[in-house]
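The next block holds one structure in the form of structure tokens; read it before the comments.
Throughout, read-outs are computed from the coordinates displayed, never taken from laboratory work. Bear in mind the structure is a predicted one, so any value in this text is a computation, not a measurement. So basically every Cβ, Gly included, is an ideal-geometry build from the backbone, and we count neighbours across all protein chains shown.
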């Protein structure tokens, strides 16, 4: 995965992009015709100084993406006629992740003022955009890099889901239901005239809770304590 910054104007943005790359585990930064050469010392690259030190400089986009099988440009897609397929970030990220399994990918980010030029985009296979508010679509360069890289690692870095505990057995759920109904009767909540319908409603309600086996005993203990307290105060 290559992050390619094209004609970046502010060295601090290069540093912020490098910091985001380090946060999410990417190390190959390439810059094309940056406006200043001081970007390697950008203070915004907290914890990513080595990444900036090894950033590759290129004079044109073609050179920067020459070894990449897939080249993706980023754009707000506003006020311009696009000649490429345009994908939302969440959709495009899946395609990029798949391609990374077999070859190099370059994701291009344009200058803060104008974005990627049509010439820059001509090197791209398709374009990517971050869905944002229509009234304010443009994002800070460093933030845009961070959002894109987060989406790229979001699935692969997700913690494995812990095995769900077993659901409580029907008998356990029924004991909880009975205890709850007893407490409702003792508190006067249930109307004797509609008790049957109310009991059915409560029974369905308890089952919709999908109680876990480990929680069932706790719930039963609490309800029995409430019921004991209600009866003792009569």
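The figures follow:
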{"quantity": "With Cα atoms, 0 to 90° folded angle of helix 141-154 axis to the chain main axis", "calculated": "50 degrees"}
{"quantity": "By average C-beta atoms within 10 angstrom, highest first, the peptides 52-62, 174-184", "calculated": "174-184, 52-62"}
{"quantity": "Which of 90, 134 has the fewest Cβ neighbours within 10 Å, and the rest in rising order", "calculated": "134, 90"}
{"quantity": "Pairwise Cα inverse-distance average, inverted: Kirkwood Rh of the range 170-232 (Å)", "calculated": "12.0 Å"}
{"quantity": "Cα long-axis angle, helix 213-232 against the chain (0 to 90 degrees, to the nearest 10)", "calculated": "40 degrees"}
{"quantity": "Ranked 228, 126, criterion: other C-beta atoms within 10 Å, fewest first", "calculated": "228, 126"}
{"quantity": "Alpha carbon convex hull of the chain, projected area averaged over orientations, nm²", "calculated": "21.0 nm²"}
{"quantity": "Relative packing of 112-123, 19-30, 198-209, which averages over residues the other C-beta atoms within 10 Å, highest first", "calculated": "19-30, 112-123, 198-209"}
{"quantity": "Contour minus Cα-Cα distance for residue 202 and residue 28 (0.36 nm per residue)", "calculated": "56.7 nm"}
{"quantity": "Enclosed volume per residue, in Å³, of the convex hull spanned by Cα atoms of the range 104-234", "calculated": "250 Å³"}
{"quantity": "Relative contact order, percent, the chain [alpha-carbon distance under 8 Å, six or more residues apart]", "calculated": "20 percent"}
{"quantity": "Expected 222 nm ellipticity per residue - DSSP helices of 4 or more, -39500 (n - 2.57), all of the chain, to 500", "calculated": "-14000 deg cm²/dmol"}
{"quantity": "Footprinting exposure proxy for 136, 125 (fewest neighbouring C-beta atoms within 10 Å first)", "calculated": "136, 125"}
